[in-house]
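The values are calculated or read from the model by the stated rules, or taken from the named source; none is laboratory data. Bear in mind the structure is a predicted one, so any value in this text is a computation, not a measurement. Methodologically, a virtual Cβ is constructed for each residue, glycine included, from the backbone with ideal geometry; neighbour enumeration extends over all protein chains shown.
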Amino acid sequence: MPVFDFRNMPEEKKQSQCTYTAFWSNEQEASPEKPILVLSNNEREWKHHSCGVFANQNQRTAFEFEEEDGTVSADIWKVDVRFISLLKWLGENRIHVRLSGENREDGYAVYRIREIAFGGGTKLSAEDGFLQYMIERLFSSSAPAQEPEDEEQDETGDHMKLTSLQSITDFLTCAGRTLPDNIRLWARRNLAVARSHEVTAEERHHAQRALSIMMNVQWKNNYFESIDPVEARRILDEELYGMERVKQRIMETIIQINRTHTLPAYGILLAGPAGTGKSQIAYAVARILKLPWTTLDMSSIHDPEQLTGSSRIYANAKPGIIMEAFSMAGESNLVFIINELDKASSGKGNGNPADVLLTLLDNLGFTDNYIECMIPTVGVYPIATANDKEQISAPLMSRFAVIDIPDYTPEEKKIIFSEFVLPKVLKRISLCKEECIVTPEALDAVIEKYADTTGIRDLEQAAEHMVANALYQIEVEHRKRVVFDADMVRNLL
């Protein structure tokens, strides 16, 4: 792993030189073995919990311990590169903190930094949970690909439902190069607008609102941890009966992710008759990927501006559905479940919503009209559903790997009704299976009733009707149990 040694600096910069070596890490939590930073313990060993302040790093890279015999300074020897800007901010603002660490041969390994409430710090954000939020965000970010340039650089970062300009400014300062370059530069420009008195109050409001939205999203890289294939298969079996070919296709996608540690180049299009469980499959995949998910219902989106947002030139301007999805998820890696993709070509506004989807699906970046910044989409995985794939335009189809979802056979519907649908309804209504019995002849009557319909939604409604009727007979007519035969089913349904 490459390191950047700040100690190899000209002698004339002795007073401002850093004493530490930066190391690159993508650990998501700290421990004595994997610390945030390491302090000198040559002169004395430090307590497990020690209080003090970081020295202003423009003058000296050290931590000033508040000991019984006075203030004792210790040089910083090593720092996780993600935390350099944060330590500098703590030092410049003299924020009182408590360190938790362990003495080792190579120094005092600090694995936790906590703020001391009302400890003399001048920054309000240091006393309202900002520090802990900032540390959590830095741990969940990736180490910057570039080396820090120098001690004079003006870095920026993110925000914890940041609404005030001060907290946004502090976040940008501490996050530094853990943010994508284009978002960091965009944030600087918008922060300048939000502070400016040369623009209208409305422009300042929009800039601050856009900053708050963008800084609350954790902008992650496209590296994905391996997924347990056994657990993935268990989830599929739990959610779906049969459909072995569909499950096989999904498992192939999981194995591909495990090999490459990146999402596939193409999303999944689940095409098949209504009621066959397409949405259920999509939610199961999102659960397997352990990613937040959001839905886009294309049947209710008729204007592309609903997806792309409106320009800030309007007083009532706001972000689009896609940007709001990132904001709600709180991170840039998420699953977009696009329902009824075959309805995406029926735009009624000033454009076609399908054209907007193309920019999202290409993973080259998406631009929201309100935010005015290209949003990285390498961590977006689209899963679309459609009843009639023939209605989908060729450009959209080319962005997906198509999985055809077949309708269930009568025998499969019998098993689904008796082993999945009926027990689920009984449990929800708090009836025992001995209180509501469906004979084989009754089951045949249910399947025969809906032989001409696709999917299992009608079967679910039939189960609801039958169980509700059984409950009525038990509660009102004081029966101990209800046994449905074929004639009862035909009369009831």
Count of the stretch 445-482 residues which are under 16 Å from Phe417 (Cβ atoms) and over 45 Å from the mean Cα position of the chain (by Cα): 1
Residues of the stretch 22-54 that turn out to be touching a Phe, Trp or Tyr at 6+ places or on another chain (Cβ under 7 Å) and without any contact (Cβ under 8 Å) to a residue 60 or more places away in the chain, as a count: 3
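Checking the condition among the β-branched types (Val, Ile, Thr) and touching a Pro at 6+ places or on another chain (Cβ under 8 Å), which residue from Ile416, Ile403, Ile371, Ile375 passes? Walk me through it before giving the result.
Details: Ile416 fails: touching a Pro at 6+ places or on another chain (Cβ under 8 Å); Ile403 fails: touching a Pro at 6+ places or on another chain (Cβ under 8 Å); Ile375 fails: touching a Pro at 6+ places or on another chain (Cβ under 8 Å).
That would be Ile371, the only listed residue that is among the β-branched types (Val, Ile, Thr) and touching a Pro at 6+ places or on another chain (Cβ under 8 Å).
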The stretch 65-119: number of residues that are surrounded by fewer than 21 Cβ atoms within 10 Å (Cβ to Cβ), free of Cβ contacts under 8 Å to residues at least 60 places away in the same chain and aromatic (Phe, Trp, Tyr): 3
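Name the single residue that is modelled with the highest pLDDT among those in the stretch 24-59 being hydrophobic (A, V, I, L, M, F, W, C) and surrounded by fewer than 17 Cβ atoms within 10 Å (Cβ to Cβ). Before the answer, list the steps.
Pass one, the stretch 24-59, residues hydrophobic (A, V, I, L, M, F, W, C): 24, 30, 36-39, 46, 51, 53-55.
Applying the additional criterion that residues be surrounded by fewer than 17 Cβ atoms within 10 Å (Cβ to Cβ) yields 24, 51.
On the way: Trp24: 87, Cys51: 91.
The residue in question is Cys51.
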The lone exception for Gly277 - which of (1) buried (at least 19 other Cβ atoms within 10 Å of the Cβ); (2) among the small types (Gly, Ala, Ser); (3) out of contact with any Gly (no Cβ under 9 Å at 6 or more places or on another chain) it fails: (3)
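Which one is farthest from the chain's Cα centre (by Cα) among residues in the stretch 107-119 that are farther than 21 Å from Ser140 by Cα and at pLDDT 90 or above?
Within the stretch 107-119, the subset farther than 21 Å from Ser140 by Cα is 107-108, 116-119.
So of that shortlist, the ones also at pLDDT 90 or above come out as 107-108.
Values: Gly107: 36, Tyr108: 35 Å.
Here the residue is Gly107.
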Criterion (buried (at least 16 other Cβ atoms within 10 Å of the Cβ) and either in the same structural domain as Ile288 (by TED's automatic domain parsing) or not in a helix (DSSP H, G or I) (or both)) met by exactly one of Asn190, Asn221: Asn221
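Mind counting the residues in the stretch 363-406 that are among the small types (Gly, Ala, Ser) and either within 23 Å of Asn221 (Cβ to Cβ) or crowded, with 20+ Cβ neighbours inside 10 Å (or both)? Walk me through it before giving the result.
Residues of the stretch 363-406 among the small types (Gly, Ala, Ser): 365, 379, 384, 386, 393-394, 398, 401.
Then drop every residue that is not either within 23 Å of Asn221 (Cβ to Cβ) or crowded, with 20+ Cβ neighbours inside 10 Å (or both), which leaves 365, 379, 384, 386.
Going through the stretch 363-406 one residue at a time, the tally reaches 4.
In the set Lys413, Lys424, which member is in contact with a Leu (Cβ under 7 Å, 6 or more places away or on another chain) and among the charged types (D, E, K, R)? Break it down into steps so the answer makes sense when it comes.
Values: Lys424 fails: in contact with a Leu (Cβ under 7 Å, 6 or more places away or on another chain).
The unique qualifying residue is Lys413.
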Matching residues, the stretch 308-347, being among the small types (Gly, Ala, Ser) and either in contact with a strand residue (DSSP E or B) (Cβ under 9 Å, 6 or more places away or on another chain) or part of a strand (DSSP E or B) (or both): Ala325, Ala329, Gly330, Ser332, Ala344
Selected residue (only one of Gly267, Gly275, Gly242 is touching a Leu at 6+ places or on another chain (Cβ under 7 Å) and over 30 Å from Ser167 (Cα atoms)): Gly267
Matching residues in the stretch 25-46 - criterion: being over 28 Å from the mean Cα position of the chain (by Cα) and among the small types (Gly, Ala, Ser): Ser40
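Any idea which residue in the stretch 240-256 is modelled with the highest pLDDT, counting only those that are part of a helix (DSSP H, G or I) and in contact with a Lys or Arg (Cβ under 8 Å, 6 or more places away or on another chain)? It would help to see each step written out before you state the result.
If we filter the stretch 240-256 for residues that are part of a helix (DSSP H, G or I), which is where we start, we get 244-256.
If we keep only those that are in contact with a Lys or Arg (Cβ under 8 Å, 6 or more places away or on another chain) as well, we get 247, 251.
Working: Lys247: 90, Met251: 94.
Step by step, filter the stretch 240-256, then rank; the result is Met251.
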Any chance Asp452 is acidic (Asp, Glu) and in contact with a Gly (Cβ under 7 Å, 6 or more places away or on another chain): no
